[in-house]
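Everything on this sheet refers to the single structure shown next.
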Amino acid sequence: MLFTQRFTEVLKQSNISQVELANSIGISKQCISDFKSGKSFPSIHTLFLICKELNVSADYLLGLTDY
């Protein structure tokens, strides 16, 4: 799924570790791993926090835009 690919890409480019992201938005590292693997997807609230933390739009992560 496009979300999984883009989330993994943006996380890698951000130089923020999975643990750092998880801690900063108040979820477990396992949740981040599950998002990256496509086992689960974030809630609207968690998606908002991810976008804020990684400075990326939800539209991009969800594949609605290419930027």
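Per-structure values
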read-out	value
Only listed residue being surrounded by 12 or more Cβ atoms within 10 Å (Cβ to Cβ), of a type in the set (A, V, I, L, M), touching a Phe, Trp or Tyr at 6+ places or on another chain (Cβ under 6 Å) and on the phi < 0 side of the Ramachandran plot, chosen from LEU61, LEU21	LEU61
Check on GLN5, open to solvent by 40 Å² or more (accessible area, probe 1.4 Å) and within 12 Å of the chain's Cα centre (by Cα)	yes
Filtered residue count, segment 35-51, keeping only those that are over 15 Å from GLN13 (Cα atoms), in a helix (DSSP H, G or I) and either open to solvent by 30 Å² or more (accessible area, probe 1.4 Å) or among the hydrophobic types (A, V, I, L, M, F, W, C) (or both)	7
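The values are calculated or read from the model by the stated rules, or taken from the named source; none is laboratory data. Predicted, not measured: the structure shown is a model, and the values here were computed from it. Neighbour counts run over all protein chains shown; Cβ positions are idealised from the backbone, glycine included. We work out accessible area using only protein heavy atoms, side chains counted, and drop any ligands, DNA or RNA first. Shrake-Rupley method; radii C 1.70, N 1.55, O 1.52, S 1.80 Å.
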